[in-house]
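Notes follow once the structure below has been shown.
The values are calculated or read from the model by the stated rules, or taken from the named source; none is laboratory data. Remember, predicted model here, so these are calculated numbers, not experimental data. No Cβ is skipped: glycine too gets one built from the backbone with ideal geometry, and neighbour counts run over all protein chains shown.
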Amino acid sequence: MNSYPRRNVGQSGQAMVEAAITLPLVVFLLLGTLQLFLMLQARVLAQYAAFQATRAGSVAHGECERMTHAAILALLPSFHSFLGMSSATDEVRHGGGGGAPAKLAAAFGARRDNRYRSGLDGVHTGGIVWINRALVGGGIDGPQDRAFDDPGHLRRLEVQLIYWYPMRIPFANWVMSRMFMAQMGIQDYTAANPLMPAERNANWNAGEFSTPLNLAGDIRSELASRVAREEYVFPIETSFTMRMLTPAKRRHFATMDCPR
């Protein structure tokens, strides 16, 4: 008669232990899936941002400021829900109404210097995008390319855009950032494995997940620096090419990197 309660207690205890072991993995699968879908959305918007930046440079003589602003406007929905801003907040901070255009302008105005705003964007403070350009078809002979529209004179603007996408899903951002850094050969992760609590060592070494990505040294350094500050980001790289629709001006191409 007394054996049945003991058996039930034992089974209950076993179930609790199994649940405690598998719960971190289940939580990560749920949060990680959500984070991956958000990253997929960010990837699509990053491609659109590269197009917008290239088009802005094509019609504005290659001016970096317009290119950067065009990219930030395209990327805003992927890291900030500006339509959720309250009308009262808009009126107090910006003296405007609560309509969608005013909210978009307020959200862009806070980041027009190409910087995340701590508090508005969680803990993130670094640059939003990096833009590198190339002029295909030769250099600029004078102050501007006056022959840009001549027959046979084809000059293209090539843009490479790095979007520092902020991962903001708790736990998933921490785990995935370390997995990415190990995959990219930036930093091994050999502490306790959060996916398998029973394991004492994760052993996430460079190249273990796939071939390490060929990231430039400055991008790798920036990623490591941000993760060290607990700003979990992922560099989404996209590119676009378009013919120059206005003469390229030399003063806009003193350097091929836009200010970061």
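Anything in segment 132-154 that is more than 18 Å from GLU222 (Cα to Cα), surrounded by fewer than 19 Cβ atoms within 10 Å (Cβ to Cβ) and not small (Gly, Ala, Ser)? List them, or say none. Within segment 132-154, LEU135, VAL136, ASP141, PRO143, GLN144, ARG146, PHE148, ASP149, ASP150, PRO151, HIS153, LEU154 meet the criteria.
For segment 245-260, the set of residues classified as under 10 Å from ASN132 (Cβ atoms) and of a type in the set (Val, Ile, Thr) consists of THR255 only. In this structure, is VAL123 modelled with pLDDT under 95, among the β-branched types (Val, Ile, Thr) and more than 28 Å from SER81 (Cβ to Cβ)? No, not satisfied.
Being of a type in the set (Ser, Thr, Tyr) and either modelled with pLDDT of 95 or more or within 29 Å of LEU36 (Cα to Cα) (or both) is the filter here, so list the residues in segment 220-260 that pass it.
SER221, SER225, TYR232, THR238, SER239, THR241 - these are the residues of segment 220-260 that are of a type in the set (Ser, Thr, Tyr) and either modelled with pLDDT of 95 or more or within 29 Å of LEU36 (Cα to Cα) (or both).
Test THR246 against the criterion of being of a type in the set (Val, Ile, Thr) and either touching a Gly at 6+ places or on another chain (Cβ under 8 Å) or part of a loop (DSSP other than H, G, I, E, B) (or both), and give yes or no.
Yes: the conditions hold for THR246.
The number of residues in segment 109-128 that are assigned to a strand (DSSP E or B) and either within 16 Å of SER225 (Cα to Cα) or touching a helix residue (DSSP H, G or I) at 6+ places or on another chain (Cβ under 8 Å) (or both) comes to 2. Among the residues of segment 42-65, those identified as surrounded by fewer than 19 Cβ atoms within 10 Å (Cβ to Cβ) and closer than 21 Å to GLY126 by Cα are ARG43, GLN47, GLU65.
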